[in-house]
Amino acid sequence: MTFDTTAFVFPGQGSQVIGMGQDVAAAYDIARQTFAEADDVLGFSLSEMCFSGPEEALNSTINTQPALFVCSIAILRALQSQRADASPRVMAGHSLGELTALTAAGALSFADGLRLVRERGRLMEAAGQRNPGAMAALLGPDTAAVRELCARIAEQTGKVLVLANDNCPGQAVISGDVEAVDAAIADAKSIGARRALKLAVSIASHSPLMAPAQDGFRAALANTPISAPSTPVVGNVSAALLSDADAIREELANQLTQSVRWTESVQAMIATGVTQIVEIGSKDVLAGLVKRIDASVTSTALNSADALRAFVG
């Protein structure tokens, strides 16, 4: 197997689970060292939270984001310890995972990336307390219909409601004020939604309700050393390659309040010649989405020591 037609992708919130990364850390020294390094950078045992919980703490945004970041980097480093040639054609990450991708691509150091992710989680959690919100997944309708529903409900209620994630054909996530999200769920059948599922979150990610987090995050980005990635990275907001540090800072700041264009991001990677997409993280959410975006592309999830061993061969 070669990596010249492979893309690596990294998950965002929702993929956390107690025990994440534990078997990989037990099997690969470099993964264990990555968790230990994270504990040192943060000044508390993130590894213990990942491996043993408690669930309430792991699900808190300020902890979830660094936990997912560290787990993915630990698995990536374990892979690269077994395959020195494990350098893909292109990378991307879903929401928070975009920072993981940029770190994996060398645009951020591990320590700087981790501190930035922790601050992102803190700012988003604070914005959610200031502007409580909700999110819901709609299964069935296309994105044009979802955008129309959001605009109609926002006008009716006078509340914020937007398309947050275009995950794959037939799966979109909406985000905004609780009243507006509830109204959209109640009216989702009008646009052909088979199901409308409220998500277990208390913040309205990728919506204008996250605006209070932007100034602080822009300041954090300005104070963080960022360089051009050594491996191309496709951004969520633009669904295009991020070429330099200025573009990366603008992308990451805008991403807090704008949609994740995941379908288009995957299509952009495939357009570069990618035939295999490997999800590196704690679950297999993105691998499943890839199959729905383009069934001709092979998708694999590296989410355990066993999966790593099978992949390396």
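The values are calculated or read from the model by the stated rules, or taken from the named source; none is laboratory data. None of these values were measured; they are calculated from a predicted model. In this analysis, Cβ positions are derived from the backbone assuming ideal geometry, glycine residues included, and neighbour counts consider all displayed protein chains.
Of the residues making up the range 12-35, those that are of a type in the set (A, V, I, L, M, F, W, C), surrounded by fewer than 24 Cβ atoms within 10 Å (Cβ to Cβ) and not in a helix (DSSP H, G or I) number 2. Only residues that are part of a helix (DSSP H, G or I) and either farther than 19 Å from ALA126 by Cβ or touching a Gly at 6+ places or on another chain (Cβ under 7 Å) (or both) were counted across the range 40-57, and they come to 10. Close Cβ contacts (under 9 Å, 6 or more residues apart or on different chains) running from residues in the range 147-159 that are in contact (Cβ under 8 Å) with a residue 40 or more places away in the chain to residues that are of a type in the set (Gly, Ala, Ser) and assigned to a loop (DSSP other than H, G, I, E, B) comprise LEU149/ALA193.
The residues on offer are ALA137, ALA145, and the sole one that is farther than 23 Å from GLY14 by Cα and either crowded, with 16+ Cβ neighbours inside 10 Å or assigned by TED's automatic domain parsing to the domain that holds GLY176 (or both) is ALA145. Within the range 66-87, being surrounded by fewer than 24 Cβ atoms within 10 Å (Cβ to Cβ) and closer than 20 Å to PRO232 by Cα holds for ARG77, LEU79, GLN80, ARG83, ALA84, ASP85, ALA86, SER87. Tell me, please, whether a residue that is assigned by TED's automatic domain parsing to the domain that holds ALA213, surrounded by fewer than 20 Cβ atoms within 10 Å (Cβ to Cβ) and over 22 Å from GLN22 (Cβ atoms) can be found in the range 96-110. Within the range 96-110 (the criterion being assigned by TED's automatic domain parsing to the domain that holds ALA213, surrounded by fewer than 20 Cβ atoms within 10 Å (Cβ to Cβ) and over 22 Å from GLN22 (Cβ atoms)), the answer is yes, since at least one residue qualifies. Looking only at the range 229-238, residues that are closer than 19 Å to LEU256 by Cα and in contact with a strand residue (DSSP E or B) (Cβ under 9 Å, 6 or more places away or on another chain) come to 5 in all. Restricting attention to the range 265-306 and to residues that are of a type in the set (Gly, Ala, Ser) and outside any loop (DSSP other than H, G, I, E, B), the residue that is surrounded by the fewest Cβ atoms within 10 Å (Cβ to Cβ) turns out to be ALA271. Against the list (1) over 16 Å from GLN80 (Cα atoms); (2) out of contact with any Pro (no Cβ under 9 Å at 6 or more places or on another chain); (3) surrounded by 24 or more Cβ atoms within 10 Å (Cβ to Cβ), the condition ALA38 fails is (2).
Residues that are in contact with a Cys (Cβ under 7 Å, 6 or more places away or on another chain) and farther than 23 Å from GLN16 by Cβ number at least 2 in the following strands (runs of 3 or more DSSP E) confined to the range 120-205: 161-168. Contact map, the range 209-228: residues that are more than 16 Å from LEU102 (Cβ to Cβ) paired with residues that are β-branched (Val, Ile, Thr) and surrounded by fewer than 14 Cβ atoms within 10 Å (Cβ to Cβ), Cβ distance under 9 Å, separation 6+ or inter-chain. No pairs are found. Criterion applied to LEU76, LEU68 was being in contact with a strand residue (DSSP E or B) (Cβ under 7 Å, 6 or more places away or on another chain), closer than 19 Å to VAL17 by Cα, part of a helix (DSSP H, G or I) and not β-branched (Val, Ile, Thr), and the one residue passing it is LEU76.
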